[in-house]
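The values are calculated or read from the model by the stated rules, or taken from the named source; none is laboratory data. This one's a predicted model, so the numbers in the text were calculated from it and none came from an experiment. All Cβ positions, even for glycine, are placed from backbone atoms using ideal geometry, and neighbour counts span all protein chains on display.
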Amino acid sequence: MMHKKNNKKKVLFICTHNSARSQMAEGLLKILFGDYYDVHSAGTAPSSINPNAIQVMKEIGIDVSSQRSKNVSEFIDVQFDYVITVCDFAKESCPFFPGGIIIHKGFKDPAQADGSQEDILREFRKSRDEIKYWLTEAFTLKAD
């Protein structure tokens with residue numbers, strides 16, 4: 001008989017606007033290691049989820065369109081095992097979350113890309129793939 005893990009570790013990804021990098025990280029970790037982690041994302045100055053992030057995630061079979069941009073204040077009373085900032089600005093302005101392991105792994109902001117729509121999507125794909133690679137490396141060890 002299979003036992004469902006009910007003692008999942010809580011993870012919070014933080015980015016400034018909670019629109020691209022943290023949203024992609026949330027969607028990826030849920031798919032990669034959702035049996036082990038209760039995953040959330042938030043922003044220090046939340047806006048809305050970037051349509052390009054939704055598109056490039058959909059390209060690899062992950063639907064993040066139902067996720068929403070949230071303020072870190074929504075989670076201030078939650079005890080997280082891991083709080084991960086994925087942009088430098090969020091690292092500087094991140095509120096203190098007691099008890100959790102704070103990890104900073106900065107990724108270039110694909111929303112800052114310019115050029116044609118294809119150029120912009122290329123940057124989003126690059127960020128998505130870098131985040132996926134890092135999560136696979138970092139959380140494979142933690143999930144064991």
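Can you find even one residue in the range 48-56 that is under 16 Å from Ala20 (Cβ atoms), touching a residue at least 40 places away in the same chain (Cβ under 8 Å) and among the hydroxyl-bearing types (Ser, Thr, Tyr)?
Within the range 48-56 (the criterion being under 16 Å from Ala20 (Cβ atoms), touching a residue at least 40 places away in the same chain (Cβ under 8 Å) and among the hydroxyl-bearing types (Ser, Thr, Tyr)), the answer is no, since none of the residues qualifies.
What do you reckon, is Gln55 surrounded by fewer than 21 Cβ atoms within 10 Å (Cβ to Cβ) and under 27 Å from Asp119 (Cβ atoms)?
So Gln55 fits the description; yes.
May I ask you to verify whether Ala90 is surrounded by 15 or more Cβ atoms within 10 Å (Cβ to Cβ), at pLDDT 90 or above and either within 17 Å of Glu130 (Cα to Cα) or small (Gly, Ala, Ser) (or both)?
So Ala90 fails the test.
Condition first: within 16 Å of Tyr37 (Cβ to Cβ) and surrounded by 12 or more Cβ atoms within 10 Å (Cβ to Cβ). Now tell me which residues in the range 65-79 satisfy that.
Within the range 65-79, Gln67, Phe75, Val78 qualify.
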